[in-house]
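Chemist: Following this message is one structure expressed as structure tokens.
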Amino acid sequence: MSQAGRLRFTADGWEYFRIWIVNVALTLLTLGIYSAWAKVRARRYLYGNVWLGDDAFDYTANPVAILRGRLLLLLVLVPVSLAQRISLVYYYAALLLLMPLVPWVVVRARSFHMRNSRYRGIAFDFRGKYWDAAVWYPLSWAASIVTLGLARPLTVRQRDDFLVTESRFGSTPFSFVGRIRPYYKAYLTTAAVLFLLYVGGVFGLLLLMAATSLGAGPDAGPPAFDMRLFFVGSLAIAAAATLFILAFLRTRLLSYRWSNTRLRENEFLLDLSFPTMLWLYTSNAALIVATFGLFVPFARIRVLRYVVNQCSVLKKEGPESFEAGETQRVAATGAEAAGEFGLEIGI
Amino acid sequence: MTSVPCHYYDGRTSARREAGLTITPDGILIVAIAGIESRLLYPMTEVRIPNRIANTPRHLLLPEGALCEVRDNDGLDAMRERAEGQPPSHARRFERLLHRLDSTWRGSAAALAVTAAILYSFTEWGAPAVATGVVAITPPEAEAVIGDNLLAMLPLFGVLDSSELQSSRQDELRAVAEAMGREAGIEDLDLQFFSAPGLGPNAFALPGNTVVLTDELVALAEHDEEIVAVLAHEVGHVAGRHVMRGLAQTSSMLIIWTAFTGDASVAALSILGPDQLLAQRYSRTFERQADQFAIEYLLRNDIPPTRLGDILQRLEEAHADSGVPNWLASHPGTEGRRREAQDAAESVRDGSEALE
């Protein structure tokens, strides 16, 4: 028995805007304290509008835990940003000192996020250990730098493997079947396009600047290059590069990760097209700038609607037979960890 | 009593059961699972009902980890209200207020108005106040480090070259600037000369009591008093610690805007528009203060304040010719500022005439 189920996203831009603007107002009024509650409220709205079959997802995080996590991060990040103001040497020293914390934050953030996501009464879970995370975060960064980026696709694949196989739906672990080739293909394509973009962009910019300075006429003295053109041009090249990385590389990696994830015999498929993502990101960025940020909630819904609707599950069995994990059973008996830190961070 | 339909999950497996949910007036929640004769009973005090958000399904958490997923939000709320009676508790009132706020247009309009008012007052009064505080606690050494970093960077980008001005001429102007600094209580004013063909005639102040003057500006001046006027303007920036204030104001704006959009990278995007307006607004204030400082200095030293207007006028013409924006100086509205200097000069003349 095999059957395809598409994920559906039923959130509405205006509805989310109303939740968002109330969240913003209360966050500003409470000097940021409400932000943890705001986060949970917005997340619950989004999760509650993601459907698989006849069931929506659910987000159950405790805002107090998130607030605690944010205060902790603030405690760490404020000295770092102060160091940055004083000198770059202090700043990099501070970043280096923080490195041992990175794997801890990654593991805590992911397990907090997964444990508080629920589908059909079963919570997800993440069991990754500090030392595994240490290998796939700070150490693999170092490896990428030493090999001039050549090891990067490999370490990203291994990191995906780690993130997926340590995740569980209830007591059932996910598995990962991704191969290494697509990762190298995605990174090599990105490198080639960025190279062409920079070389072509800088060449075009110089040509344009030469043309405008010649246009000033022979009696204008020594050619004065238009600095403004140079700055605007460099910014445009950087923006185009960022857009390409977002719309192509990140999108590709996300698709691979999902499409190579298995839960028992069930397969997932995420099929995102580069032109669509490029259009979504470009138009969102333009509209966010033009509306002084008021478009942010609509932008989020637009991207999520496309991504969620492009995701489907090839089911080999009914959704009935999954069992809850131990953590959920412990949490349910009231022994909820009181000192839990809700860290959310995207690396 | 009618019941609200729900899905029952026992919290151990993902199996779903159709069920009906009732809350009795004495605060007992009854779950009737289809196909099972016996009912599950729970005191309401042990059931956790999450806040309602738009019309998303709500998952009621039952004591031993079981869940009831309810989609009929209105039905559930009506039933709970009947069971809880009047008056509602504070928590319930706040919950209802939140739902009213984000499900009605009046609520959104109120939230938008509050947000706009807070953001406006922060830019108008908050950020400058924060900047004053930050500048007050920034040690001069730290400021000097920032200035030195900037000064070391500019030649790297090919903006500044070493000056070709005679050293005697440099010393002469440096002596004027240092005296000017001492008059304003700045003991270690540092005047630096650079040649800047790409930038053209320009002058700017850096953190750490440093003023930069380009050879091109010295060449552009038709009278030494014009250079003195420009120096006085820049020393005005140094005395007001405007660069540091500007940095502090911009970064405090970015922080509040991050709270607004909830995301630092999105904040950077959404602040692009307002930031341009604000930067101009803030810098205009700074320029006016620096002009004021310069005019007062010139008057004290019997130099006609029109010198400032004259050099500003010529600066603007020079930049209009070359097409190079004077982006580092960011001096908007030359015409208005020229008139101010003119007015100052006239009022002095009127004053002296009246004395005679």
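Chemist: Got at least one residue in segment A:112-122 being crowded, with 19+ Cβ neighbours inside 10 Å, in a helix (DSSP H, G or I) and within 14 Å of another protein chain (Cβ to nearest Cβ)?
Modeler: The answer is yes, given that some residue of segment A:112-122 is crowded, with 19+ Cβ neighbours inside 10 Å, in a helix (DSSP H, G or I) and within 14 Å of another protein chain (Cβ to nearest Cβ).
Chemist: Let me ask something else. Quick one: count up the residues across segment A:42-67 that are touching a Pro at 6+ places or on another chain (Cβ under 8 Å) and basic (Lys, Arg).
Modeler: Result for segment A:42-67: 1.
Chemist: Now, a different point. Residue check, B:TRP125 against (1) over 30 Å from A:LEU88 (Cα atoms); (2) in contact with a Ser or Thr (Cβ under 9 Å, 6 or more places away or on another chain); (3) assigned by TED's automatic domain parsing to the domain that holds B:SER251, all met but one. Which one?
Modeler: (2)
Chemist: State all residues of segment A:252-271 that are hydrophobic (A, V, I, L, M, F, W, C) and open to solvent by 20 Å² or more (accessible area, probe 1.4 Å); if no residue qualifies, say none.
Modeler: A:LEU253, A:LEU254, A:TRP258, A:PHE268, A:LEU269
Chemist: For A:VAL106, state whether it is over 25 Å from B:ARG12 (Cα atoms), within 19 Å of the chain's Cα centre (by Cα) and either open to solvent by 50 Å² or more (accessible area, probe 1.4 Å) or not charged (D, E, K, R) (or both).
Modeler: The answer is yes for A:VAL106.
This table checks each residue for (1) out of contact with any helix residue (DSSP H, G or I) (no Cβ under 7 Å at 6 or more places or on another chain); (2) more than 9 Å from every other protein chain (Cβ to nearest Cβ).
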residue	(1), (2)
B:ALA15	yes, no
B:PRO25	no, yes
B:VAL47	yes, yes
B:ASN73	yes, yes
B:GLU81	yes, yes
B:ARG93	yes, yes
B:ARG106	yes, yes
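Chemist: For residues that are within 13 Å of chain B (Cβ to nearest Cβ) and touching a Ser or Thr at 6+ places or on another chain (Cβ under 8 Å), scanning just segment A:272-290, find the one that is surrounded by the most Cβ atoms within 10 Å (Cβ to Cβ).
Modeler: A:ILE288
Chemist: Just to be sure I understand, how many residues within segment A:18-49 are touching a residue at least 12 places away in the same chain (Cβ under 8 Å) and either open to solvent by 20 Å² or more (accessible area, probe 1.4 Å) or acidic (Asp, Glu) (or both)?
Modeler: Number satisfying all stated conditions: 9.
Chemist: Still on this structure, please answer the following. Of the residues B:ILE227, B:ILE255, which single one is of a type in the set (Val, Ile, Thr) and open to solvent by 20 Å² or more (accessible area, probe 1.4 Å)?
Modeler: It is B:ILE255.
Chemist: Still on this structure: Can you name the residue in segment B:132-151 that is open to solvent by 40 Å² or more (accessible area, probe 1.4 Å) and in contact (Cβ under 8 Å) with a residue 60 or more places away in the chain and is also farthest from the other protein chains (Cβ to nearest Cβ) among such residues?
Modeler: Among those residues, the one meeting the criterion is B:THR132.
Chemist: Quick check on my filter: what residues within segment B:19-60 are surrounded by 15 or more Cβ atoms within 10 Å (Cβ to Cβ) and either closer than 20 Å to B:HIS99 by Cα or not assigned by TED's automatic domain parsing to the domain that holds B:HIS99 (or both)?
Modeler: Once the filter is applied, which keeps residues that are surrounded by 15 or more Cβ atoms within 10 Å (Cβ to Cβ) and either closer than 20 Å to B:HIS99 by Cα or not assigned by TED's automatic domain parsing to the domain that holds B:HIS99 (or both), segment B:19-60 yields B:ILE49, B:PRO50, B:ASN51, B:ARG52, B:ILE53, B:ALA54, B:ASN55, B:THR56, B:PRO57, B:ARG58, B:HIS59, B:LEU60.
Chemist: Same structure, new question: Within segment A:163-189, count every residue that is surrounded by fewer than 19 Cβ atoms within 10 Å (Cβ to Cβ) and farther than 30 Å from A:ARG120 by Cα.
Modeler: 8
Chemist: Here's a follow-up. Identify, please: which residue in segment A:1-16 is open to solvent by 20 Å² or more (accessible area, probe 1.4 Å) and assigned to a helix (DSSP H, G or I) and is, among those, farthest from the other protein chains (Cβ to nearest Cβ)?
Modeler: Within segment A:1-16, the match that is farthest from the other protein chains (Cβ to nearest Cβ) is A:TRP14.
Chemist: A further question follows. Identify the residue in segment A:127-151 that is surrounded by fewer than 20 Cβ atoms within 10 Å (Cβ to Cβ) and outside any helix (DSSP H, G or I) and, among all such residues, is nearest to the other protein chains (Cβ to nearest Cβ).
Modeler: Applying the filter and picking the extreme gives A:ARG127.
Chemist: Next question, about the same structure. Given B:LEU154, B:LEU165, B:LEU119, B:LEU160, which one is at the interface with chain A (Cβ under 9 Å from one of its Cβ atoms) and among the hydrophobic types (A, V, I, L, M, F, W, C)?
Modeler: Of the residues listed, the single one that is at the interface with chain A (Cβ under 9 Å from one of its Cβ atoms) and among the hydrophobic types (A, V, I, L, M, F, W, C) is B:LEU119.
Chemist: Additional query: Given (1) outside any helix (DSSP H, G or I); (2) free of Cβ contacts under 8 Å to residues at least 12 places away in the same chain, identify the lone condition not met by A:GLN84.
Modeler: (1)
Chemist: Now for a separate question. Just to be sure before I move on: is B:LEU67 at the interface with another protein chain (Cβ under 10 Å from one of its Cβ atoms), open to solvent by 30 Å² or more (accessible area, probe 1.4 Å) and closer than 30 Å to A:ASP12 by Cα in the structure I sent?
Modeler: No.
Chemist: If A:ALA61 satisfies every condition in (1) under 21 Å from the mean Cα position of the chain (by Cα); (2) part of a helix (DSSP H, G or I); (3) small (Gly, Ala, Ser) but one, which is the exception?
Modeler: (2)
Chemist: So which residues in segment B:193-216 are among the hydroxyl-bearing types (Ser, Thr, Tyr) and surrounded by fewer than 24 Cβ atoms within 10 Å (Cβ to Cβ)?
Modeler: B:SER195, B:THR210 - these are the residues of segment B:193-216 that are among the hydroxyl-bearing types (Ser, Thr, Tyr) and surrounded by fewer than 24 Cβ atoms within 10 Å (Cβ to Cβ).
Chemist: Quickly run through segment A:17-53 and pick out the residues that are of a type in the set (D, E, K, R) and facing chain B (nearest Cβ under 7 Å).
Modeler: Those that are of a type in the set (D, E, K, R) and facing chain B (nearest Cβ under 7 Å): A:ARG18, A:ARG41, A:ARG44.
Chemist: Could you grab the pairs with beta carbons closer than 7 Å, sequence gap of 6+ or different chains, first residue in segment B:283-311 and among the acidic types (Asp, Glu), second one surrounded by fewer than 19 Cβ atoms within 10 Å (Cβ to Cβ) and in a helix (DSSP H, G or I)?
Modeler: Pairs that qualify, where the first residue is among the acidic types (Asp, Glu) and the partner is surrounded by fewer than 19 Cβ atoms within 10 Å (Cβ to Cβ) and in a helix (DSSP H, G or I), are B:ASP291/B:GLU340.
Chemist: Separate question: Can you tell me how many residues in segment A:229-246 are more than 14 Å from A:GLY200 (Cα to Cα) and either over 19 Å from the mean Cα position of the chain (by Cα) or surrounded by 15 or more Cβ atoms within 10 Å (Cβ to Cβ) (or both)?
Modeler: 8
The values are calculated or read from the model by the stated rules, or taken from the named source; none is laboratory data. All values derive from a computational prediction rather than experimental measurement. Positions of Cβ are backbone-derived with ideal geometry, glycine not excepted, and every protein chain shown enters the neighbour counts. For accessibility, only protein heavy atoms count, side chains too; no ligands or nucleic acids. Shrake-Rupley method; radii C 1.70, N 1.55, O 1.52, S 1.80 Å.
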